[in-house]
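> I'd like to ask you about the structure that follows.
The values are calculated or read from the model by the stated rules, or taken from the named source; none is laboratory data. Since we're looking at a predicted model, the values are computed, not measured. Heads up, the Cβs are rebuilt from the backbone with ideal geometry, glycines too, and the neighbour counts pull from every protein chain shown.
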Amino acid sequence: MEQHFQQAHHPGVLDLDAGDLCAAGWDWQGQALGSASELKYHLLLARDLKLIPLKDYEELTRRATEVKRMLTVLLQKLTADR
């Protein structure tokens, strides 16, 4: 159902691959890494404002760091294939 919603509101979006996105001028790699960094900042802010417990902050930050590492490896592999 989600796929149908996306196609109805954004025709052709699901048909794009990484090369199409780059050709269109969208820096999806930089945006993805930036979003991961932004998440880590928001977690830090939530911790400092005592909106989340320290244990949750540590776990979520660990997960965000792991996702950022995986994303970095993916981007390196995609760049190496060029």
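> Could you list, in sequence order, all residues of the stretch 40-62 that are out of contact with any helix residue (DSSP H, G or I) (no Cβ under 6 Å at 6 or more places or on another chain) and within 19 Å of Q29 (Cα to Cα)?
Applying the first criterion (out of contact with any helix residue (DSSP H, G or I) (no Cβ under 6 Å at 6 or more places or on another chain)) to the stretch 40-62 yields 41-42, 44-46, 48-51, 53-56, 58-59, 62.
Listed by number, the list holds a single entry, Y41.
> Within the chain, considering only helices (runs of 4 or more DSSP H) that don't extend past its boundaries, which have at least 1 residues that are at pLDDT 90 or above? Spell out how you get there, then give the answer.
On the way: elements: 2-9, 18-23, 28-48, 54-80.
Those helices (runs of 4 or more DSSP H) span 28-48, 54-80.
> Still on this structure: Return the pairs, sorted by first residue and then second, in which the second residue is at pLDDT 60 or above, the first residue lies in the stretch 16-40 and is farther than 30 Å from I52 by Cβ, the beta carbons are less than 8 Å apart, and the residues are 6+ apart or on different chains.
That search, which allows pairs on different chains as well, returns A18/W28; A18/L78; L21/W28; C22/W28.
> List pairs: first residue in the stretch 43-70 and under 22 Å from L33 (Cβ atoms) and without any contact (Cβ under 8 Å) to a residue 40 or more places away in the chain, second residue in a helix (DSSP H, G or I) and among the β-branched types (V, I, T) anywhere in the structure, Cβ distance under 8 angstrom, at least six positions apart or on different chains.
Close Cβ pairs satisfying both conditions: L43/T61; L44/T61.
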